[in-house]
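The structure appears below as structure tokens.
The values are calculated or read from the model by the stated rules, or taken from the named source; none is laboratory data. Quick caveat: nothing in here was measured; it's all calculated off a predicted structure. Note that each Cβ is placed from the backbone with ideal geometry, even for glycine, and that neighbours are counted across all protein chains shown.
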Amino acid sequence: MPLEPIPIQAEAAAAVTGDFEVQLEVFAGPLDLLLRLIESRQLDVLTVPLAELADAYVAHLAANPLDPAELADFVAVAAQLILLKSRRLLPGEPAPVAPPGEEEPDEDELRRRLVEYRALRDVARQLGERDLAMPAFRREPRESDLPVALTAALPASLLSELLEALAAIPEPEPPPPEVVPREITIAMQIAALRAAMGSAGKVVLQQVLAACRSRTQVTVTVLALLELVRRREARVEQHELFGPILVEALNGRPVA
Amino acid sequence: MTAPAELGPYYEALLFIAERPLSTGELADLGGVPRVQAEATLAGLAEQLADDGRGLRLQQSDDAWQLVTAPEVGSRLAAYAAREEARLSPAALEALAVIAYRQPCTRADVDHVRGVDSDYVIRSLLHRRLIVEVGRRDTPGRPMLFGTTFTFLERFGLTSLGDLPALASDAALVAAGSALEELNEPADAG
């Protein structure tokens, strides 16, 4: 006797899902949909003839928009149900009676998956109730990673000493009146970085920068490094705060 | 070498100041005791904290330990910690549940139980650091194996994986399977 091919009514589904804020049209997966079709009819997943759910399942697929990425998984379950149903409908053909334990292996397998999925779904719901409800907090890392010099109290005399030091610095030369020629280019510094990495294929950035003669050169070198990273020719690693910055040539290897 | 009676308080203090989980091996070395003794002391400390209804708990995950706040006070602490996090979707919870109960397991394992592609939700769980790659399975393609993290235990207020809600066991499933055959027989005959 076929079951009524009614789609899930909103009320019925709401009763099944209880307090959960689930959008009714969205299913967590094809097994979720099948299970809800069964439960909304208050049927027992262990005994319901799955073949008779084929129509309702297909009707539901047709009526509700699905994520295209998941469509194949839903269709796979629909196909299984239709196969089960078509076997029952074949006229004259005796039902494939296999020895006990091998009866309707497809139906058994699908049912087992449903039961397994139901157990999982139930614990997932319990986890969902606990989600952020009673969190445990660990100690937040302190800022002890910063070098002591930066966090230590500054000496009171520091300001006057700094002012003295500043006064000792000669006035910078006035800038040249004309446009400054572009002496250092990114292309040049890329070449310089490649040379610095050499056959070892790596270099510590601070060493390269220490060899720079002007602020412009430092800036352009850093820009050149960023360009190399963007082109995936190099990778940059720094294992600790204020530690050495290691530049490593990638030589066409994919970036991890 | 620490006397047994002092080892519990010592570990409690050590885990209090530690800013990262400490492994059983590290704790044994620091206490100057054999591993088994460290483990027993830590288990005792965890039990003691829970039994005395203290504001702290000892969490264990994958052979490492950390001192955390008790879940009972968690919701009140959340106001202080000012965490703004969205709750997980049913799909993400399902994927997380498979990994929590079956770890270490692969994405294909999660797909199989859920009956649907779980790539996206697994990425989001990785991003939230609720799971991590714990190795590779020695099968073709060497798929990544995932396991849960301390962040997972913290988020759900669990002391260890032993605190997870009971899953309908495999034994129960097998029993359900055989009951099923008996139930189906009369129906098929009729």
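Would you check which residues across the stretch B:69-101 are loosely packed, with under 15 Cβ neighbours inside 10 Å, more than 8 Å from every other protein chain (Cβ to nearest Cβ), within 30 Å of A:Phe27 (Cα to Cα) and of a type outside the set (Asp, Glu) and list them?
Answer for the stretch B:69-101, where residues must be loosely packed, with under 15 Cβ neighbours inside 10 Å, more than 8 Å from every other protein chain (Cβ to nearest Cβ), within 30 Å of A:Phe27 (Cα to Cα) and of a type outside the set (Asp, Glu): just B:Ala86.
Which members of the stretch A:124-159 meet the condition of being over 25 Å from B:Pro21 (Cβ atoms) and at pLDDT 90 or above?
A:Ala124, A:Arg125, A:Gln126, A:Gly128, A:Glu129
Give the number of residues within the stretch B:58-68 that are part of a loop (DSSP other than H, G, I, E, B) and surrounded by 22 or more Cβ atoms within 10 Å (Cβ to Cβ).
Of the residues in the stretch B:58-68, 0 are part of a loop (DSSP other than H, G, I, E, B) and surrounded by 22 or more Cβ atoms within 10 Å (Cβ to Cβ).
Given B:Ser118, B:Ser124, which one is away from chain A (no Cβ under 12 Å), over 26 Å from B:Ser23 (Cα atoms) and touching a residue at least 12 places away in the same chain (Cβ under 8 Å)?
B:Ser124
I need the full set of residues from the stretch B:130-145 which are touching a Ser or Thr at 6+ places or on another chain (Cβ under 7 Å) and either of a type in the set (Phe, Trp, Tyr) or assigned to a loop (DSSP other than H, G, I, E, B) (or both), in order please.
Matches in the stretch B:130-145: B:Leu130, B:Arg137, B:Pro143.
Right, B:Leu130: buried (at least 16 other Cβ atoms within 10 Å of the Cβ) and at the interface with chain A (Cβ under 10 Å from one of its Cβ atoms) or not?
Here the answer is no, as B:Leu130 does not meet what is asked.
Being under 30 Å from A:Ala119 (Cα atoms) and within 9 Å of chain A (Cβ to nearest Cβ) is the filter here, so list the residues in the stretch B:51-67 that pass it.
B:Arg57, B:Gln59
Does B:Pro9 satisfy the criteria of being more than 14 Å from chain A (Cβ to nearest Cβ) and within 30 Å of A:Asp32 (Cα to Cα)?
When the stated conditions are applied, B:Pro9 does not pass them.
Working carefully through the options A:Ala63, A:Ala72, A:Ala79, find the one that is within 12 Å of chain B (Cβ to nearest Cβ) and at pLDDT 80 or above. Can you show your working first?
Numbers: A:Ala63 fails: within 12 Å of chain B (Cβ to nearest Cβ); A:Ala79 fails: within 12 Å of chain B (Cβ to nearest Cβ).
Every option except A:Ala72 fails the conditions.
Would you be able to tell me the number of residues in the stretch B:69-95 that are assigned to a helix (DSSP H, G or I) and under 19 Å from the mean Cα position of the chain (by Cα)?
9
Taking the condition in the same structural domain as B:Glu154 (by TED's automatic domain parsing), on the phi < 0 side of the Ramachandran plot and modelled with pLDDT under 95, does B:Val121 pass?
Considered against the rule, which asks whether it is in the same structural domain as B:Glu154 (by TED's automatic domain parsing), on the phi < 0 side of the Ramachandran plot and modelled with pLDDT under 95, B:Val121 comes out as yes.
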